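Here the structure comes first, spelled out in structure tokens, and everything after it is commentary.
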Amino acid sequence: TAKREGRNKYKFYCESMQDELMDKKEVEAILRNAVKNDGFILLYQPQVDVDTGFIEGFEALLRIKGYNISPLKFIPVAEDTGLITEIGRWVTRKAVEQIAEWKEKGYDTKPISVNFSSKQLQDTAYADFLRKILLEKGVEAEYFELEITESILLEKSSNTLEFLNTLKDMGIRIALDDFGTGYSSLNYLTFIPVNKIKLDKSLCEKFLELSNIKVMNSIIGLAHSLGLVITAEGIEDMEQYKRLKKGGCDYIQGYLFSRPVKSDEIEKIYHINMLDNIL
Ligand code: C2E
Ligand code: MG
Ligand code: MG
Ligand code: MG
């Protein structure tokens, strides 16, 4: 039976490898096609001011037109294939254009946050590219926010700090995304130039337990003492909202207020009080 098990294992290994390979290849082909044929779309999810209920800004979230593939699946493929450079620039350009379009339509200007993969550090001209786009579209840097994760500090490229400081000097805001999922060593917060911490959904879920309220209060207190603002992510119910409000959290992003939606959907809620919307 040992032999049989061994053979089954081997077979299983081969099949799963091939599935994975085919899957990735397929996703890669879809990505290449989307890059060539304007096949991406950005959805926007509101970030709501906990105190006022009004929208403070939006996160841009990438989708592939005509496909139901999660970015959790296609972003790693984009990273592995190097396509992330071109895709990341497309997202950046589109988001800046959206800020300009809403400005033109007479809406109050609100910042848009864009996710920045650590792999995009390899795009060494990114900061120049961003500077040029902002200038071209007449958008002030303070309305563009870049979301990074702490994995950016692990990239072998030693220019990470230089890159982040260049952005900071340009007036770009930087948010630390997915806080609470990684090392969460708070030490680096003192030397990387971030303005905002985004508490991950998985961390926020823990705040529903009474025993974790002290942890929540400490994290929020620490961030505030460092001069940072806090956004809680993945908030789906009122109980969480109330607790985070009491704890002094600044902004909330989650299905409680809105899923990520197309820009024309955003236009319907741009100036409304999102608390009226749910109460
Ligand atoms: P993220 O940056 O942490 O984005 C937040 C994710 O949480 C989004 O998933 C959003 O739809 C989801 N979310 C927000 N509120 C709720 C909620 O109340 N409940 C639940 N269940 N989910 C909620 P999405 O759009 O699938 O994106 C997943 C991840 O893919 C993002 O996580 C980000 O890391 C990456 N991603 C998305 N767009 C881009 C992009 O343009 N560039 C890069 N590099 N990464 C991107
Ligand atoms: Mg994000
Ligand atoms: Mg996040
Ligand atoms: Mg507040």
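The values are calculated or read from the model by the stated rules, or taken from the named source; none is laboratory data. Nothing here was measured: the structure is a model prediction, and the numbers come from that model. Methodologically, a virtual Cβ is constructed for each residue, glycine included, from the backbone with ideal geometry; neighbour enumeration extends over all protein chains shown. Ligands, DNA and RNA are excluded from the accessible area calculation, which covers all protein heavy atoms including side chains. Shrake-Rupley method; radii C 1.70, N 1.55, O 1.52, S 1.80 Å.
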Original post:
So, with +1 on the Cβ of K and R and -1 on the Cβ of D and E, and no other charges, what is the size of the charge dipole of the chain about its Cα centre, to the nearest 20 debye?
Top reply: 740
Original post:
What aspartates and glutamates could a cross-link reach from residue 132, if we take a straight Cα to Cα line under 14 Å and drop same-chain neighbours fewer than 8 places away?
Top reply: 97, 140
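With a cut-off of at most 14 other beta carbons within 10 Å, and DSSP calling the residue loop, which trypsin sites (Lys or Arg not before Pro) in the range 245-279 qualify? Please list them.
On the way: sites: 245, 246, 262, 268; in loops: 262.
Loop-located and lightly packed - 262.
Whenever you get a sec, compute what percent of the accessible area on the chain sits on carbon and sulfur atoms (1.4 Å probe). It would help to have the intermediate numbers written out before the result.
Details: 7690 of 14970 Å².
The value for the chain is 51 percent carbon and sulfur by accessible area.
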Original post:
Ordered by residue, what ³J(HN,Hα) values in Hz, to whole numbers, does the range 79-87 give under the Karplus form 6.51 cos²θ - 1.76 cosθ + 1.60, where θ = phi - 60° and Gly and Pro are x?
Top reply: 5, 5, 9, x, 5, 4, 4, 5, 5
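Using the structure shown, select from 73/110; 206/242; 156/201 the pairs with a Cα to Cα distance greater than 24 angstrom.
On the way: 73/110 29 Å; 206/242 14 Å; 156/201 28 Å.
In this structure, 73/110; 156/201 lie more than 24 Å apart at Cα.
Classify the range 62-184 from the C-alpha gyration tensor, please: rounded if a/c falls under 1.5, else prolate or oblate depending on whether a/b exceeds b/c. Each step should come with its number before you reach the end.
Details: a/c = 1.64, a/b = 1.23, b/c = 1.33.
Note, shape of the range 62-184 comes out oblate.
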Original post:
If one computes the Cα centroid of the range 82-121 and of the range 183-251, what distance in Å separates the two points?
Top reply: 25
Original post:
Quick one: net charge of residue 50's neighbours, Cβ under 9 Å, K/R +1, D/E -1?
Top reply: -2
